[in-house]
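To keep things clear, I will list the structure first and then write my remarks on it.
The values are calculated or read from the model by the stated rules, or taken from the named source; none is laboratory data. What you see is a predicted model; the values in this text were computed from it and never measured. Virtual Cβ from ideal backbone geometry, glycine too; neighbours counted across all protein chains shown. These accessible areas exclude ligands, DNA and RNA; they are computed on the full protein's heavy atoms, side chains included. Shrake-Rupley method; radii C 1.70, N 1.55, O 1.52, S 1.80 Å.
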Amino acid sequence: DVKVTQSSRYLVKRTGEKVFLECVQDMDHENMFWYRQDPGLGLRLIYFSYDVKMKEKGDIPEGYSVSREKKERFSLILESASTNQTSMYLCASSQGTGRPYNEQFFGPGTRLTVL
Amino acid sequence: AQSVSQHNHHVILSEAASLELGCNYSYGGTVNLFWYVQYPGQHLQLLLKYFSGDPLVKGIKGFEAEFIKSKFSFNLRKPSVQWSDTAEYFCAVNPYTGRRALTFGSGTRLQVQP
């Protein structure tokens with residue numbers, strides 16, 4: 001089974017802090033994704049990466065950056081956390097492009113609160 | 001831009017009732033379709049998926065979904081719900097264009113009362 005792990009389940013930070021969220025997958029997947037999940041809005045794509053050091057902006061990249069130095073690890077960075085970034089952050093991975101490789105596998109999520 | 005609509009935001013059912021959750025998408029080409037479920041306190045997991053072939057797809061835990069291309073719909077069904085089906089359900093679409101990410105609907109919160 002694919003396993004996607006996230007470094008923290010719950011995180012509390014202060015406004016202006018730099019925040020790192022880490023995600024690791026163990027199935028040699030090409031693609032990794034960061035979403036945020038908010039009530040009534042579903043999942044919205046922040047960034048994704050299709051290879052080491054390669055990244056593309058998703059639908060809501062403002063205020064975020066990412067890093068993928070190794071294939072199995074994908075980090076989301078909040079350069080200066082703000083209260084409107086309080087949310088649940090989900091990491092996902094998928095094997096490749098096209099069916100059936102585009103099925104995504106999700107981590108447990110990190111609930112981030114910015115005070 | 002492609003979008004996914006889930007019109008039922010919150011559904012409350014009694015055990016043994018039948019369930020149908022709507023999902024419509026806006027993309028006109030070939031698509032791959034997914035339903036994911038998130039049980040309370042758990043991570044998102046795949047319920048079922050449609051890539052091609054028989055438009056009636058069966059998933060885990062007795063769920064099924066029907067792809068109706070002419071209606072751009074992929075509705076989720078279950079003949080008889082259980083209390084353990086209480087969860088949030090998300091429809092997702094991936095156009096068959098090489099786009100790697102999924103586009104998700106806003107989700108439907110299902111509450112099953114014993």
- In square angstrom to the nearest 100, the accessible surface buried at the B/A interface, both sides summed with a 1.4 Å probe, amounts to 2000 Å²
- Mean accessible area per residue over chain A (1.4 angstrom probe, all protein chains present, square angstrom) is 48 Å²
- Calculate how large, on average over all directions, the projected area of the Cα convex hull of region A:1-93 is; give the answer in nm² to one decimal. 5.9 nm²
- Item | Rounded FRET efficiency, nearest 0.05, which uses the C-beta distance separating residue B:60 from residue A:115 and R0 of 41 Å | 0.55
- Task: Could you give the spread of the C-alpha atoms of the protein assembly as shown along their three principal axes, from largest to smallest, in whole angstroms?
- Result: 48, 39, 33
- Query: Working from the pairwise distances between different alpha carbons, so that the mean of 1/r is found and then inverted, what is chain B's Kirkwood radius in Å?
  - Reply: 14.2 Å
- Message: Give me the dipole magnitude in Debye, nearest 20, for the protein assembly as shown about the Cα centre, with unit charges on the beta carbon: positive for Lys and Arg, negative for Asp and Glu.
- Response: 240 debye
- Query: Where the accessible area of region B:4-113 is counted over protein heavy atoms with a 1.4 Å probe, how much of it, in %, is carbon and sulfur?
  - Reply: 50 percent
- Task: Using a 1.4 Å probe and ignoring any ligands, DNA or RNA, find the accessible area of residue B:10 and quote it in Å² to the nearest 10.
- Result: 100 Å²
- Set A:18/A:53; A:3/A:53; A:13/B:49; A:70/B:58; B:49/B:71; A:3/B:58, cut-off 27 Å on Cα-Cα distance; pairs above it are A:13/B:49; A:70/B:58
- Within region B:53-114, chymotrypsin sites (Phe, Trp or Tyr not before Pro) in DSSP loop having at most 13 other beta-carbon neighbours inside 10 Å: none
